[in-house]
2 protein chains.
Amino acid sequence: MATLKDIGAELGLSVATVSRALNGFPEVSLKTRTKVQETADRLGYRPNRVAQRLVTGRSGMVGMVVKIKPDMSADQTFFEMLTGLTAALSARETDLVLAVDQGGDPVLPYRKLLERGILDGFILNAPVTDDPRVTFLREQGIPFVLHGRDRATPDYPNFGIDNAAVSATSVDMLAHLGHRRIALINGELRHAYAAERLEGFRAAMARHDLAPDSARNGATFESHAYTRALELLAQADAPTAFVCASTVIAAGVMRAVRDRGLSVPGDVSVMAHDDALPLTRAISFDPALTVTRAPLRDACEPLANMLVDHLGGVPAEALQVMMDVELIVRGSTGPAPKGG
Amino acid sequence: MATLKDIGAELGLSVATVSRALNGFPEVSLKTRTKVQETADRLGYRPNRVAQRLVTGRSGMVGMVVKIKPDMSADQTFFEMLTGLTAALSARETDLVLAVDQGGDPVLPYRKLLERGILDGFILNAPVTDDPRVTFLREQGIPFVLHGRDRATPDYPNFGIDNAAVSATSVDMLAHLGHRRIALINGELRHAYAAERLEGFRAAMARHDLAPDSARNGATFESHAYTRALELLAQADAPTAFVCASTVIAAGVMRAVRDRGLSVPGDVSVMAHDDALPLTRAISFDPALTVTRAPLRDACEPLANMLVDHLGGVPAEALQVMMDVELIVRGSTGPAPKGG
DNA sequence: CTGAAAGCGCTTACAG
DNA sequence: CTGAAAGCGCTTACAG
């Protein structure tokens with residue numbers, strides 16, 4: 001590997017000048033700059049990142065932790081983001097280092113990664129309300145960016161969707177179709193997104209003078225959603241519309257509706273929030289699923305850029321974005337049934 | 001962050017001695033060593049990896065490339081290994097850096113990662129026959145370890161299963177059950193594992209004096225497997241047993257068998273090789289699937305250790321392991337039908 | 001516009 | 001058994 005010294009030796013220049021030429025310092029003469037650049041290209045010079053990092057104090061690496069389940073599998077949503085983040089970070093000359101959280105103390109993998117002393121910051125995802133990882137990294141003074149937010153008014157860089165608006169948009173649309181009994185089949189309430197969706201659901205239902213008691217929170221398995229939907233459908237005042245936290249949940253709900261001998265959207269409307277995961281595509285449902293849509297992958301580039309910008313000195317206040325989601329109406333929703 | 005200098009200053013020792021004490025050099029006196037260790041602990045000293053790396057020339061980081069499909073999703077088998085590898089590498093003080101292969105030149109992401117000059121080596125998976133990545137890394141002189149092998153007699157560290165034996169074990173078992181017409185529903189032939197399975201299949205069939213013409217290679221989607229099995233079942237001399245390259249393929253084959261009005265294992269036996277992926281569990285089939293089994297995850301620790309050992313100077317010849325697979329007989333295989 | 005020098009935090013021959 | 005010194009490859013005040 002060619003070094004600055006090699007280039008300097010060829011041209012009779014000091015490493016200092018070569019360094020400045022290559023890094024675009026304005027005081028270097030055009031003639032010198034061209035010669036240096038040309039020699040660097042010819043020698044295939046690549047700056048030694050390790051040396052740069054030692055002197056700048058930055059490592060050019062950020063960390064991310066995969067949480068794996070007891071069966072050693074990880075969340076589909078994590079991997080969905082992982083590839084996008086890696087690509088986006090790479091465009092900013094930053095590498096992504098991975099660690100695993102085997103369960104237990106959620107802070108431990110971050111602590112261990114920090115002890116290695118090689119990371120500039122972290123990307124966190126899937127926050128729970130008042131996330132202990134946020135508390136830890138903040139008190140350590142380590143920069144990080146969060147996908148979503150773990151509290152109402154975050155003081156760290158974050159990028160996410162307006163989860164209250166997800167519920168509000170869904171409820172508004174269904175209410176305008178005449179639905180009065182609307183159910184929310186939500187994720188686990190400890191997850192910040194689920195808490196926000198529930199809150200948004202309650203507020204929206206209240207605005208329409210509807211009873212918000214048909215909300216069910218829990219694990220986002222298809223089978224769980226199926227069971228919870230069956231329970232609601234067995235009630236005297238069964239819902240005529242379901243708002244689902246994910247497309248997987250919607251699949252369970254649709255199955256339950258049909259097992260009750262009801263039709264979608266004739267008897268029951270079903271809609272979901274769609275993260276655009278490749279394995280459960282809203283458009284492949286029959287009928288195609290009405291959704292609020294916000295592809296997880298769309299968050300990757302903003303998150304990567306925010307973190308790198310933050311490391312470069314941009315204050316957290318300037319790096320907080322809450323996106324609105326898109327409403328896509330398809331065949332799975334329709335007017336409330338007569339006399340429903 | 002405390003440095004060697006800080007520790008030395010506290011104790012009136014040179015950084016050289018402190019360094020030696022901390023790194024377990026034998027010449028340091030016990031008394032000094034204890035004092036240094038104690039002070040290091042008290043100060044919360046963590047070696048600066050970047051500095052260590054600059055001087056040793058090693059980075060303590062290895063790379064891995066995710067190949068993502070046009071729909072931006074990645075292979076389940078990749079993620080299955082990713083978490084296991086990260087954990088195993090971490091135990092050896094090594095970090096895993098990720099990059100993505102967006103399609104196109106398979107060598108490009110490796111080249112780009114190398115240009116950053118921060119990686120000691122690579123872990124490769126899913127080799128194709130005579131893999132160009134192997135050629136590239138070899139000519140660059142970069143250490144790597146391969147899951148599986150891309151040629152018959154590899155000269156690099158590798159860990160994998162005996163794919164020819166996978167086929168042989170399967171065919172032997174089915175032949176002993178009286179099956180004469182055995183089909184192989186294989187993966188894409190450009191993948192080294194698929195080529196090895198096919199070769200093993202042909203050899204085993206020949207040993208039993210059976211015609212090995214019922215082999216079909218192709219993409220490992222459930223739907224493709226379904227189609228290919230239907231074609232074979234429609235023939236006059238339809239197979240009475242199927243050896244499947246994966247559990248996903250087995251699912252497609254079983255569906256085809258049933259759509260033909262046939263039963264498993266009464267009319268047709270079905271077995272598969274099982275990588276123990278969490279999403280398609282052989283035991284959840286009905287009837288439970290007979291398999292040759294070799295969990296992908298079992299490869300993670302050996303691969304991680306092999307790479308780190310190789311970086312530490314262990315020659316490639318000492319780091320080549322081909323594992324035998326386990327045969328687990330369950331309900332999806334049985335005697336060949338009478339007159340079949 | 002360019003160079004000599006110091007320094008980032010460590011490791012490791014070389015002396016003693 | 002310990003220290004002084006050189007050096008890994010870079011960046012960046014400080015001079016000139």
Identify, among A:Pro47, B:Val128, B:Asn186, the residue whose Cα sits farthest towards the positive end of the charge dipole of the protein assembly as shown, taking +1 on the Cβ of Lys and Arg and -1 on the Cβ of Asp and Glu, with the dipole about the Cα centre. A:Pro47
Among B:59-65, B:145-151, how do they line up by average Cβ neighbours within 10 Å per residue, starting with the highest? B:59-65, B:145-151
In the structure shown, do any of A:Lys5/B:Lys112; A:Lys112/B:Lys35; A:Lys67/A:Lys112 have a Cα-Cα gap over 20 Å, and if so which? A:Lys5/B:Lys112; A:Lys112/B:Lys35
Given the options A:Leu233, A:Leu13, A:Leu210, state which has the largest fluctuation in a GNM of chain A using a 10 Å cut-off (strictly under) for Cα springs. A:Leu13
Prolate/oblate/rounded call for region B:114-196, Cα gyration tensor, a/c under 1.5 rounded: prolate
Computed helical MRE - 222 nm, the protein assembly as shown, DSSP H runs ≥ 4 contributing -39500 (n - 2.57), nearest 500: -12500 deg cm²/dmol
Which angle between 0 and 90 degrees, to the nearest 10, do you get for helix B:76-90 versus the longest principal axis of chain B when only C-alpha atoms count? 30
Measuring from the longest principal axis of the C-alpha atoms of chain A, the long axis of helix A:247-259 (C-alpha) lies at a number of degrees, nearest 10, equal to 20
Along the positive direction of the dipole of the protein assembly as shown (beta-carbon charges: Lys, Arg +1; Asp, Glu -1; about the Cα centre), which of A:Val257, A:Val314, B:Leu13 reaches farthest? B:Leu13
Could you compute how much accessible surface A:Asp130 exposes when probed at 1.4 Å, giving the result in Å² to the nearest 10? 100
Pick out, from A:Phe201, A:Ser284, A:Thr34, the residue whose Cα sits farthest towards the positive end of the charge dipole of the protein assembly as shown, with +1 on the Cβ of Lys and Arg and -1 on the Cβ of Asp and Glu. A:Thr34
With +1 on each Lys and Arg Cβ and -1 on each Asp and Glu Cβ, how big is the dipole of region A:95-144 about its Cα centre, in debye rounded to the nearest 20? 80
Net charge dipole size for region A:163-295 [Lys, Arg +1 and Asp, Glu -1 on Cβ; Debye, nearest 20]: 20
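State the extension gain, in nm to one decimal, for the chain segment bounded by B:Thr227 and B:Ala9, taking 0.36 nm per residue of separation less the distance between their alpha-carbons.
Using 0.36 nm per residue and subtracting the Cα-Cα distance, I get 71.0 nm.
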In nm, what is the difference between 0.36 nm times the number of residues separating A:Asp209 and A:Gln37 and their Cα-Cα distance? 55.0 nm
Run the simple label-point estimate for B:Ala219 and B:Lys67 please: 7 Å along Cα→C-beta, distance reported in nm. 1.4
Heavy atoms of B:Lys5: accessible area, 1.4 Å probe, square angstrom to 10: 150
Relative to chain A, whose Cα atoms define the longest principal axis, helix A:300-311 and its Cα axis are tilted in degrees, nearest 10, by 50
How large a share of the accessible area of region B:43-163, in percent, is made up of carbon and sulfur atoms when the probe is 1.4 Å and the other protein chains stay in place? 53
Could you pull the copy-to-copy label distances for B:Lys5, with points set 7 Å along Cα to Cβ, in nm to one decimal and sorted shortest first? 2.1
For B:Pro315, inter-copy label distances in nm, listed shortest first [label point 7 Å out on the Cα-Cβ vector]: 6.3
Buried area at the A-B interface (accessible, heavy atoms, 1.4 Å probe, summed, Å²): 3300
If you place +1 on the Cβ of every Lys and Arg, -1 on the Cβ of every Asp and Glu, and leave all else neutral, what size is the dipole of region B:229-340 about its Cα centre, to the nearest 20 Debye? 500
How do B:Thr247, A:Thr17 stack up against each other in accessible area, from largest to smallest, with a 1.4 angstrom probe? A:Thr17, B:Thr247
Accessible area in the full protein assembly, largest first, 1.4 Å probe, for A:Val55, B:Val100: A:Val55, B:Val100
Cα→Cβ-extended label distance, 7 Å offset, between B:Asp155 and A:His176, nm: 7.0
For region A:4-47, calculate the relative contact order in percent as a whole number, restricting contacts to Cα pairs under 8 Å that are 6 or more residues apart. 36
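Can you give the local net charge around A:Arg260? Use residues other than it whose beta-carbon is closer than 14 angstrom to its beta-carbon, Lys and Arg +1, Asp and Glu -1. List each step's numbers first, then the result.
On the way: positive: A:Arg228, A:Arg255, A:Arg258; negative: A:Glu231, A:Asp259, A:Asp267.
Taking every other residue near A:Arg260 into account, the sum is 0.
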Simple label model, 7 Å out from Cα along Cβ direction - A:Ala316 to B:Asp324, nm: 5.9
One decimal, nm, nearest first: from A:Ser29 to the same residue in each other copy, label points 7 Å out along Cα→Cβ, the values are 6.0
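The values are calculated or read from the model by the stated rules, or taken from the named source; none is laboratory data. Keep in mind it's a predicted model, so treat the numbers as computed, not measured. Neighbour counts are summed over all protein chains in view; Cβ atoms, including those assigned to glycine, are modelled from backbone coordinates with ideal geometry. The accessibility values were calculated without ligands, DNA or RNA, using every heavy atom of the protein model including side chains. Shrake-Rupley method; radii C 1.70, N 1.55, O 1.52, S 1.80 Å.
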